[in-house]
Structure formats: C-alpha cells, structure tokens
Amino acid sequence: MGHQPPVLGPGVAQWVLKTAARIPDYLEPLIQEVVTRVLAGVTQVIAQHLPDANAPALLDRNGLARALGVSLTSLDRLKHVGMPTVRVLDSPRFDLADVVKWLKSRPEE
C-alpha cells in the first residue's frame, strides 16, 4: 500500500500529491492549501489539550520518592526539615524543580 505518510509535518502535502492518483496540475495548489489548513487546525486542537509547559507538575509522595530515588522514610525526614510542600486540600504535593533547588541549597552533611 505504499509508504506511510509523515506524521503532522510539512511533508504531508507532498505525500498526498505523490501518492494520490494523477492529480491535474491546477489542483495541486488547492490540495497544498487544504493540507496546510488542516495541519494548522489539528495542531491548534492538540495544543489545547497539552498541559501548560509553564505550570509546575506536582507529585505525590510516591512520585517524588521515585523521581529522587529515595525511600518514603527518607522523603518524610526531608519534609520534616523544611522541604517545600504544596498543599492540595489535605494532601501534600511537591514541585520537583522546587525540591531539587531546595536540596541543592542545603549544606552538605
């Protein structure tokens, strides 16, 4: 069945034109425009569903312990000596970037 189309890239229009039955030359610009507009629309819809890159990803205890490679007991000790915590209702959450920054700022023991 031929080659697979490129994934949402600029080569999609060329792929359509190359793999379709012989298309009259006067239709090629129209197909190029349609593909470009569809790509723009799909990209916009996908972008609306992606998480905000600037929003911090908050981790629970298990996620932070995994990310840092430490036990939950070690994590609890760090929390008790001032590790930054964000409360979401009654649950502690952790911003990995803030925690790493805090860990790096601590004097070595």
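Pairing residues of the stretch 14-32 that are part of a helix (DSSP H, G or I) with residues that are surrounded by 11 or more Cβ atoms within 10 Å (Cβ to Cβ) and modelled with pLDDT of 70 or more, at Cβ distances under 7 Å and at least 6 apart in sequence or on separate chains, gives VAL16/ILE31; VAL16/VAL35; LEU17/ILE23; LEU17/GLU28; LEU17/ILE31; ILE31/ILE23.
Quick check: is even one residue across the stretch 77-90 of a type outside the set (Lys, Arg), modelled with pLDDT of 80 or more, surrounded by 13 or more Cβ atoms within 10 Å (Cβ to Cβ) and outside any loop (DSSP other than H, G, I, E, B)? The answer is yes, given that some residue of the stretch 77-90 is of a type outside the set (Lys, Arg), modelled with pLDDT of 80 or more, surrounded by 13 or more Cβ atoms within 10 Å (Cβ to Cβ) and outside any loop (DSSP other than H, G, I, E, B). The residue that is nearest to ARG66 (Cα to Cα), counting only those in the stretch 91-109 that are in a helix (DSSP H, G or I) and of a type outside the set (Val, Ile, Thr), is LEU96. Is the stretch 29-41 home to any residue that is under 21 Å from the mean Cα position of the chain (by Cα) and at pLDDT 90 or above? The answer is no, given that none of the residues of the stretch 29-41 is under 21 Å from the mean Cα position of the chain (by Cα) and at pLDDT 90 or above. Quick one: in the stretch 42-65, of everything that is modelled with pLDDT of 80 or more and within 30 Å of VAL100 (Cα to Cα), which residue is surrounded by the fewest Cβ atoms within 10 Å (Cβ to Cβ)? Going through the qualifying residues, I end up with ASN62.
The values are calculated or read from the model by the stated rules, or taken from the named source; none is laboratory data. Quick caveat, the model's predicted, so the values are computed rather than measured. Note: ideal-geometry Cβ built from the backbone for every residue, glycine included; neighbour counts use all protein chains shown.
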